[in-house]
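Inspection log for the structure reproduced underneath, given as structure tokens.
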Amino acid sequence: MAQSGSAGGAHSQDADSNLEYCPDALGTLAVYEDQSKNWYRDYYSRYPSLGSTEPVLRLMVQQSNCFVVVERGDAMQNIMGERQLAQSGEMREGSNYGKGQIVAADYTMSPSVLFAKKTGGLGGALGGLFGAKNKRLGALAGGLGKKEASTTLLLIDNRSSVQVAAAQGSAKKFDFKLGAGVIGTSAAGALGGYTDTPEGKVIVAAFADSYNKMVRALRNYKSQTVEGGLGKGGKLKIGE
């Protein structure tokens, strides 16, 4: 449940205990979700109710205290709108909306969902094994499904455009799909929580896995070097 809890400054509450934590922030971070990419169109067509991945990622990052999150999304329009009001003279005196106060984003985090799907898991095999001998047991086993997700996170240095880090994570969860016609209405109602778990929890768990792997790599960060300097021709020379 990496998306649970809250964060206020460096303090977090009810955060996932498995989420990596940094005693000191590594810099400022903006999250950019490219909704023009194929992965987002596929993700949204499958799970339109889940919406953008940005809010959960921003909560995760702030709870970890590894980066200070800055706004570069839709709310930026309101931020600039306040400055326009100040420039127009409509704000009260002392509102202090002068220039030079917006904090720069040192890094940009770019997420993507590689795949998020339901698979049969062990259901088909177990259903066939038990189905002939015990109809109810076979139906229960046949209802065992698996939800899987795989995600990536890229971390870009905004000043140089260099990719600083990349991480891929995954998660899977088994759940039972219990039919009222098989085990009775009362039992199905009592066990309904097993069937109502949203796929979003698996996607979030995959992002948490990606993020944790990225943070672990950054703890041992060492910048890449190229003889002669970055962006100055490289060592793979092209012949005339």
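The values are calculated or read from the model by the stated rules, or taken from the named source; none is laboratory data. Just so we're clear, the structure is a prediction, and the values are computed from it rather than from any experiment. FYI the Cβ positions are ideal-geometry reconstructions off the backbone, even for glycines, and counts take in every protein chain you see.
Number of residues in the range 196-235 that are surrounded by 10 or more Cβ atoms within 10 Å (Cβ to Cβ) and either under 20 Å from residue 147 (Cβ atoms) or within 26 Å of the chain's Cα centre (by Cα) (or both) equals 23.
Restricting attention to the range 60-109, the residues that are touching a strand residue (DSSP E or B) at 6+ places or on another chain (Cβ under 9 Å), in a loop (DSSP other than H, G, I, E, B) and among the aromatic types (Phe, Trp, Tyr) total 1.
Pick from the range 7-57 the residues that are assigned to a loop (DSSP other than H, G, I, E, B) and charged (D, E, K, R): which of them is surrounded by the fewest Cβ atoms within 10 Å (Cβ to Cβ)?
Among those residues, the one meeting the criterion is 24.
Answer yes if at least one residue in the range 205-225 is at pLDDT below 90 and over 26 Å from residue 22 (Cα atoms), and no otherwise. No, there is no match, as no residue in the range 205-225 is at pLDDT below 90 and over 26 Å from residue 22 (Cα atoms). Whenever a residue of the range 148-159 is closer than 16 Å to residue 57 by Cα, its partners that are outside any strand (DSSP E or B) and of a type in the set (Lys, Arg), lying with C-beta atoms within less than 9 angstrom and at least six residues away or across chains, give the pairs 153/213.
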